[in-house]
There are 2 protein chains.
Amino acid sequence: MSAALRAYLPSWIVPVVPEGRVLTDSAIVVEGVRIRALVNRSQLEIDYPGIERIELPGHALMPGLINMHTHSALVLMRGLADDRPLMQWLHEYIWPAEKKVMGPDYVRFGSRLAMAEMLRGGTTCFNDNYFFPDVTAEAAVATGMRAFVGMPVIAFPTAWADTEDEYFRRGLAVHQRFVDHPLIGISFVPHAPYSVSDGAFRRIRTLSEELDITVHLHLLEAPGEIETSRTEYGMHPLDRLQSLELLGPRLLAVHMTQLQDADIARLAREGVHVIHCPDSNMKLASGICPVAALDRAGVNVSVGTDSAASNNNLDLLAEVRQAALLAKVASGDPEAVPAARALSMATIHGARALGMEHEIGSLEPGKQADFITIDLDCIETRPLHDVVSQLVYATPRCQVTNVWVRGRQLLKNRELITLDEAELRASSLPWQQKIHDAVRKLEVHHVE
Amino acid sequence: MSAALRAYLPSWIVPVVPEGRVLTDSAIVVEGVRIRALVNRSQLEIDYPGIERIELPGHALMPGLINMHTHSALVLMRGLADDRPLMQWLHEYIWPAEKKVMGPDYVRFGSRLAMAEMLRGGTTCFNDNYFFPDVTAEAAVATGMRAFVGMPVIAFPTAWADTEDEYFRRGLAVHQRFVDHPLIGISFVPHAPYSVSDGAFRRIRTLSEELDITVHLHLLEAPGEIETSRTEYGMHPLDRLQSLELLGPRLLAVHMTQLQDADIARLAREGVHVIHCPDSNMKLASGICPVAALDRAGVNVSVGTDSAASNNNLDLLAEVRQAALLAKVASGDPEAVPAARALSMATIHGARALGMEHEIGSLEPGKQADFITIDLDCIETRPLHDVVSQLVYATPRCQVTNVWVRGRQLLKNRELITLDEAELRASSLPWQQKIHDAVRKLEVHHVE
């Protein structure tokens with residue numbers, strides 16, 4: 001019994017592997033949840049006579065984008081308190097608001113709203129870090145979107161768990177429940193070195209090896225972190241993680257704005273994956289991750305939006321452009337992170353960090369059918385001298401037209417299929433009010 | 001005889017002056033080409049009984065964006081040669097391509113395509129720097145868009161002029177022709193200190209005072225410029241401009257990535273306006289304009305996209321977000337350039353630099369009716385905790401719905417009124433081919 005075969009025929013196919021390649025006059029053949037083949041248009045009728053053909057003139061077709069770091073439900077705090085120092089932002093706004101609203105309903109609605117935005121922007125997979133990961137996983141399954149959710153570990157009580165033991169117990173129950181689901185991956189998400197004990201890190205180290213999963217960790221986000229670690233643990237955070245045997249290819253280190261040259265060599269040697277969130281790092285004035293040097297050293301760098309509370313969008317296409325632009329100006333090298341490399345960071349590099357490089361992140365026969373189409377026949381993308389450059393540097397996310405995950409269409413001509421846009425817009429209002437009431441009054445003025 | 005009165009009633013009005021103000025339950029009353037009043041909704045029927053009312057629920061209404069630096073026709077080279085060092089980019093791609101295509105037809109079509117993109121992104125006025133400024137001005141008048149065009153002066157022959165004298169003669173003819181047109185402003189656009197002679201600068205200084213116009217100049221764009229000036233003129237470019245009596249409030253200095261603290265104080269003292277092009281500076285790895293310090297010192301900073309050949313878009317809303325983000329990370333201060341200040345940079349600061357602060361750049365009674373509406377009732381802008389923050393940090397340009405210049409509507413529900421989108425898309429193809437042929441073959445591959 002074989003699934004129905006379909007051929008998609010856009011004007012351009014960007015398979016991402018090999019990097020920089022653009023195919024014209026070509027088709028991608030999909031069989032059920034997987035990619036069967038990439039074939040020349042003239043060969044299609046010969047190899048697959050009578051196959052259903054979906055013509056997509058003026059469109060580019062490429063792998064779905066992978067958002068490697070977000071806290072999806074925090075989209076409900078978008079714009080709540082901008083232009084403030086990190087600690088004021090957290091203590092006076094985000095945490096009080098979270099305290100008031102945190103729970104399964106908040107996480108469910110926030111995850112759905114975030115997925116709606118991500119799908120409309122061409123993201124097919126997101127690597128989440130938030131409380132109630134079971135709820136986010138349920139929402140992703142209901143939507144048909146691919147998600148990695150995390151088992152949170154943090155040294156203080158939250159609505160999700162009171163004690164270290166409870167964090168592990170609840171997290172492992174989520175793992176057990178979703179471990180075999182084809183759309184869901186599970187990782188540990190210890191919050192950060194300054195908020196997780198050595199004991200908890202040791203359990204994470206042991207369990208992540210036993211369960212063969214990744215450890216998704218905020219690391220070296222802002223300048224104070226190194227000094228805090230020296231005071232509290234007598235060493236640099238990277239030394240501490242090494243002593244805890246966590247510095248290795250399971251580690252997905254998010255932010256990494258405070259790196260010296262020696263650190264870069266060490267990350268390359270240990271096979272640590274770096275997740276770069278340029279917009280959030282810029283907006284919070286945290287610092288700049290040295291992506292050009294990491295890339296040169298062979299470190300696998302991928303890209304995330306962080307949450308919409310510190311970004312303030314979930315636009316991975318814009319984030320990848322930012323990664324390319326920031327790498328150039330920070331390194332003084334206009335050739336750093338060229339467009340094709342930036343596109344790899346948004347796709348196959350993310351897949352590699354998640355241990356999914358044989359399943360997603362590029363268009364290759366046998367991989368899962370996670371792909372998107374982008375309409376390039378718009379004023380904003382005319383003329384078209386270079387398809388890859390256009391996708392990275394010029395294309396706004398609203399030109400993403402169609403999205404498929406595991407062969408199932410989730411966005412069709414910009415309409416969401418498994419989520420109800422109008423309902424999401426309307427249902428955001430009571431949440432907006434609730435959060436607003438929790439922290440302050442909106443400062444609006446009337447004409448006198 | 002009075003023009004017809006119309007009242008626009010969006011959910012929010014952001015007049016920009018005073019900075020940060022958001023009006024709800026309010027209307028803007030337009031009479032012909034000018035703003036008559038901003039009034040409370042309840043007062044509207046009393047002051048203006050029977051007035052035509054245009055309801056815009058879910059929309060924000062704000063002044064049109066002012067793109068303070070671009071070379072609009074260069075949109076035709078979008079993506080032609082990215083990720084290359086500046087000199088290779090210029091010598092091997094942009095200049096050879098320009099040599100092949102430069103002329104009135106190229107400038108006319110490029111200007112129209114650029115205006116289409118700018119209007120669709122909420123830009124109502126652009127400050128241009130390119131050859132055949134008469135052609136760009138004609139195209140702007142035909143479109144109904146506001147444009148400042150420049151009289152180019154550069155020390156080598158181009159398709160526009162062969163000699164220094166001819167640059168002045170042709171430029172001054174453009175000035176004479178358009179000086180009284182309500183949509184057009186004229187400035188001098190000497191290319192840069194390293195490509196314009198002292199003699200030409202002296203003529204510009206004299207003429208700009210006589211004609212009461214601005215001088216729009218690339219200045220301190222990249223590191224080499226200071227050394228070149230020291231070698232050639234025995235002084236720093238700012239000293240040279242001061243000796244030429246050009247350092248003053250007529251000077252619109254574009255880029256300014258190579259500034260020391262003393263330079264900042266001097267710019268503030270002399271009243272020089274700085275035009276910041278963050279995307280272009282980042283992409284070409286030129287350096288970072290110290291916007292936070294300039295702003296603190298009281299220098300009037302506005303924002304431009306530069307050309308789509310080095311950006312690669314003409315998205316001023318994204319540029320303003322970039323200005324805010326880059327200022328924060330470069331200064332280490334998350335409070336630098338808050339959202340409301342960023343919005344001022346995109347509107348009233350530009351108007352001030354152009355000497356038009358009493359005519360455009362904010363919504364105030366008596367000013368010209370250059371304004372835009374933005375639909376905030378979209379997935380990407382839900383929830384809505386802060387209107388100004390949402391506009392700057394979260395809103396994609398495709399949510400710009402309507403645009404008016406001098407009271408005339410140029411974009412209506414995202415459709416251009418005075419430009420033909422389909423025709424522009426189609427006509428871009430022969431230009432793409434011509435430019436492509438001029439420099440290289442597109443690197444596309446077929447499946448074997």
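The values are calculated or read from the model by the stated rules, or taken from the named source; none is laboratory data. All values reported here derive from a predicted model rather than from experimental measurement. Quick reminder, even Gly has a Cβ in these numbers, built from the backbone with ideal geometry, and neighbours come from all protein chains shown. Ligands, DNA and RNA are excluded from the accessible area calculation, which covers all protein heavy atoms including side chains. Shrake-Rupley method; radii C 1.70, N 1.55, O 1.52, S 1.80 Å.
For chain B, what does the helix formula give at 222 nm: sum of -39500 (n - 2.57) over DSSP H segments with n ≥ 4, over the residue count, nearest 500 deg cm²/dmol?
Numbers: 15 runs with 158 residues, N = 448.
After summing the helix terms and dividing by residue count, I get -10500 deg cm²/dmol.
Taking every pair of alpha-carbon atoms in the protein assembly as shown, what share in percent sits in each 20 Å bin, from 0 to the bin with the longest distance?
All Cα pairs, binned at 20 Å, distribute as 15, 47, 32, 6, 0 percent.
Mind running the shape call on region A:65-353? Use the C-alpha gyration tensor, a ≥ b ≥ c as the square roots of the eigenvalues: rounded below 1.5 for a/c, prolate if a/b tops b/c, oblate otherwise.
rounded
Classify region A:180-226 as rounded, prolate or oblate, taking a ≥ b ≥ c as the square roots of the eigenvalues of its Cα gyration tensor: rounded when a/c is under 1.5, otherwise prolate if a/b is larger than b/c and oblate if not. Before the final figure, lay out the partial values.
Numbers: a/c = 3.63, a/b = 1.70, b/c = 2.13.
Oblate.
Considering the rotation that carries chain A onto chain B, locate the chain A residue whose Cβ comes closest to its axis and report the distance in whole Å.
Axis-proximal residue of A, distance in whole Å: A:398, 2.
Using a Gaussian network model on chain A with a 10 Å cutoff between Cα atoms, which of A:198, A:47, A:83 fluctuates the most?
Residue with maximal mean-square fluctuation among A:198, A:47, A:83: A:47.
So, counting K/R as plus one and D/E as minus one, what does the shell of residues with Cβ under 14 Å around residue A:428 add up to? All intermediate terms of the calculation are to be shown ahead of the outcome.
On the way: positive: A:78, A:108, A:112, A:425, A:434, B:382; negative: A:105, A:117, A:420, A:421, A:423, B:377, B:380.
The answer is -1.
Give, as a single signed number, the net charge of other residues whose beta carbon lies under 11 Å from the beta carbon of residue B:271, with Lys and Arg counted +1 and Asp and Glu -1.
+3
Sort A:352, A:425, A:240 by heavy-atom solvent-accessible area, probe 1.4 angstrom, most to least.
A:352, A:425, A:240
How well do other chains shield peptide B:286-294, expressed as the mean number of their Cβ atoms within 10 Å of each residue Cβ?
1
Can you give me the orientation-averaged projected area of the convex hull built on the Cα atoms of region A:347-397, in nm²?
Here the figure is 4.3 nm², rounded to one decimal.
Note the distances from residue B:427 to each other copy's matching label point, with points 7 Å along the Cα-to-beta-carbon direction, in nm, sorted shortest first.
When each copy's label point is compared with this one, the spacings are 4.8 nm.
Rolling a 1.4 Å sphere over the protein heavy atoms, what is the accessible area per residue of the protein assembly as shown, to the nearest Å²?
Here the residues of the protein assembly as shown average 33 Å² of exposed surface.
Could you give me D for region A:140-262, from Stokes-Einstein at 10 °C and 1.306 mPa s, where the hydrodynamic radius is the Kirkwood radius over C-alpha pairs? Units µm² s⁻¹, please.
104 µm²/s
Can you bin region B:1-108 into rounded, prolate or oblate? Criterion: square roots of the alpha carbon gyration tensor eigenvalues sorted a ≥ b ≥ c, rounded for a/c under 1.5, prolate for a/b above b/c, oblate for the rest.
prolate
A drop of at least 10 square angstrom in accessible area, chain alone versus all protein chains together, probe 1.4 Å. Which residues of region A:386-423 meet that?
A:386, A:389, A:390, A:393, A:394, A:396, A:397, A:398, A:421
Note the angle between two axes, namely the Cα long axis of helix B:316-331 and the longest principal axis of the Cα atoms of chain B, as a number of degrees from 0 to 90, rounded to the nearest 10.
70 degrees
Rounded to the nearest 5, what % of the DSSP beta bridges within the protein assembly as shown are antiparallel ones?
Taking every DSSP beta bridge with both residues in the protein assembly as shown, the antiparallel ones total about 45 percent.
Give the nm distances, rounded to one decimal, from residue B:177 to the matching residue in every other copy, measuring between label points 7 Å along Cα toward the beta carbon; shortest first.
Going from nearest to farthest copy, the values are 7.2 nm.
Can you give the accessible area of residue A:45 in Å² (nearest 10), computed on protein heavy atoms with a 1.4 Å probe?
Surface accessible to solvent at residue A:45 totals approximately 90 Å².
For label points placed 7 Å from Cα toward Cβ, what is the shortest-first list of nm distances from residue B:296 to its copies?
Taking the point 7 Å beyond Cα along Cα→Cβ, the inter-copy spacings are 3.1 nm.
For chain A, modelled as a Gaussian network with Cα springs under 10 Å, which listed residue fluctuates most, A:324, A:140, A:222?
Among A:324, A:140, A:222, the largest GNM mean-square fluctuation belongs to A:222.
Where does each of A:280-288, A:18-26 land if you order them by average Cβ count within 10 Å, highest first?
For the peptides A:280-288, A:18-26, the packing ranking is A:280-288, A:18-26.
How much length is gained on full extension from residue B:333 to residue B:209, taking 0.36 nm per residue of separation minus their Cα-Cα distance?
Details: separation 124, 0.36 × 124 = 44.64 nm, distance 3.91 nm.
Stretched fully, the residue B:333-residue B:209 segment lengthens by 40.7 nm.
Could you tell me the center-to-center distance, by alpha carbons, between region A:38-77 and region A:284-328 in angstrom?
Distance between centres, Cα-based: 24 Å.
Could you work out the mean count of beta carbons from other protein chains within 10 Å of each residue's beta carbon in B:318-330?
5
Order A:91, B:218, B:358, most accessible first, counting only protein heavy atoms with a 1.4 angstrom probe.
In descending accessible area the options line up as B:358, A:91, B:218.
Spit out the partnerless Cys residues in chain B, using Cβ distances under 4.7 Å as the pairing rule.
By the Cβ distance rule, which asks for a partner under 4.7 Å, the isolated cysteines are B:125, B:277, B:289, B:378.
Which net charge results for the neighbourhood of residue B:15, defined as the other residues with beta-carbon distances under 9 angstrom from its beta-carbon, given Lys and Arg at +1 and Asp and Glu at -1?
Value of the local net charge: 0.
How many Cβ atoms of partner chains, on average, are near each residue of B:424-433 if near means within 10 Å of its Cβ?
On the way: counts 2, 7, 2, 2, 6, 3, 1, 2, 4, 1.
Partner-chain Cβ atoms within 10 Å, mean over residues of B:424-433: 3.
Against the longest principal axis of chain A, how steep is helix A:261-270, in degrees 0 to 90 to the nearest 10, with axes from Cα atoms?
70 degrees
Give the interface area between chains A and B as buried accessible surface, both sides summed, probe 1.4 Å, in Å² to the nearest 100.
6500 Å²
What is the Rg over Rh value, at two decimals, for region A:317-410, using alpha-carbon atoms and the Kirkwood definition of Rh?
On the way: Rg = 14.4 Å, Rh = 14.4 Å.
Radius of gyration relative to Kirkwood radius: 1.00.
Counting only protein heavy atoms and using a 1.4 Å probe, what share of the accessible area of chain A belongs to carbon plus sulfur, as a whole percent? Write down the numbers at each step before the final one.
Details: 7440 of 14950 Å².
Ligands and nucleic acids excluded, carbon and sulfur reach 50 percent.
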